[in-house]
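Structure first, then comments.
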Amino acid sequence: MVNKWTVNDYRTQKIKAEVIVDMLISDFVADIVSYKVGVPTKLIAKEFPIERISQTESEHQYASVDYLLSDMKTNVYLTELKTTNDSFDGVQFLNMLGVCKRGIGALRSPLEYATVDYGIKQHFSKRETKKYLYTIKNMVNCHESNQTDCSCFAGKRQDAEEIAKRMINEVFGELETSKPQPQIKILYISLNKISIRDKVEKAKIPYDTMETNILLEPIIISDLIGDNNFFSVLPADKKSTWNLTGKILEELVKPYADWYSTTRFE
């Protein structure tokens with residue numbers, strides 16, 4: 001059933017394909033990035049808030065990146081998922097490039113403001129605040145030894161503020177105090193082959209050649225399907241799930257001509 005309706009919805013107008021693919025690969029994002037960059041990475045958060053390029057000091061409407069990952073030592077990865085070759089967003093690229101130039105210190109403040117200053121202090125009971133707090137809770141996964149009790153996020157405002165600040169500091173304090181500080185990289189994950197550098201050039205985005213090491217080569221999901229080397233490095237408890245996921249992804253990467261080869265759902 002999941003296979004049938006995932007493929008159907010991916011091919012249906014007005015349904016956001018990126019959300020479908022994100023649901024399929026989220027459990028494997030850290031494994032995929034680790035495999036491609038050659039070092040173990042951890043998924044810190046999804047839909048991570050970042051400042052916009054045109055943002056003033058008094059504005060707090062943030063952009064976001066699909067995934068924030070890090071090896072917690074040398075690199076942080078602002079990672080975007082692309083499901084079609086024509087979905088490259090030049091403004092979003094500039095937003096990410098701005099974060100890379102400002103450095104590690106630019107990561108903490110948007111999340112801290114959205115969660116604590118605006119969320120807990122002003123709108124503690126709102127659903128959007130609870131979602132940010134859920135993201136904070138999940139960030140504990142970056143620190144397996146941390147067993148922080150987050151039940152206060154549903155209860156007392158004062159306790160929630162203290163715990164949220166402490167958890168944000170544990171993640172970003174470690175990155176900010178590393179010597180040397182980790183570099184921030186831009187990474188795209190795409191269903192099919194895509195050249196992000198060509199997209200940047202075509203969009204006439206000012207991008208200094210001295211900074212090209214910021215933009216990594218995109219990771220192509222279709223290349224990972226059937227990749228025995230990738231399969232071999234997956235944790236044992238994920239292998240069977242990846243096999244099932246790969247079958248769905250194989251359908252999603254098929255060309256348009258293959259969409260109409262049957263008259264009913266398989």
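Comparing R197, R127, R108 in a Gaussian network model of the chain (Cα springs below 10 Å), the most mobile by mean-square fluctuation is R127. Ranking Y188, F124, T83 by how far each Cα lies toward the positive end of the dipole of the chain (charges on Cβ) leaves F124 at the top. In segment 105-181, the convex hull through the Cα atoms has an average projected area of 4.9 nm², a quarter of its surface area. Taking a label point 7 Å from the Cα of T74 along the Cα→Cβ vector, which residues of segment 19-45 have an amide N closer than 13 Å to it? It comes to 37-41, nothing else.
Taking label positions 7 Å along the Cα-Cβ direction at both K156 and K16, the computed distance is 3.7 nm, reported to one decimal.
For segment 105-181, a simple Cβ point-charge model (Lys and Arg +1, Asp and Glu -1, everything else neutral) yields a dipole of about 320 debye relative to the Cα centre.
Between 0 and 90 degrees, the angle of helix 239-252 with respect to the longest Cα principal axis of the chain falls at about 60 degrees.
Pairs exceeding a 18 Å alpha-carbon distance, out of K131/K165; K36/K199; K130/K238: K36/K199; K130/K238.
Overall size of the chain from C-alpha positions, given as principal axis extents largest first: 59, 45, 37 Å.
None of the figures in this text is laboratory data; all of them are computed from the coordinates on show. All of these numbers come straight from a predicted model, not from anything done at the bench. With ideal geometry, Cβ positions are generated from the backbone for all residues, glycine too; neighbour counts draw on all protein chains shown.
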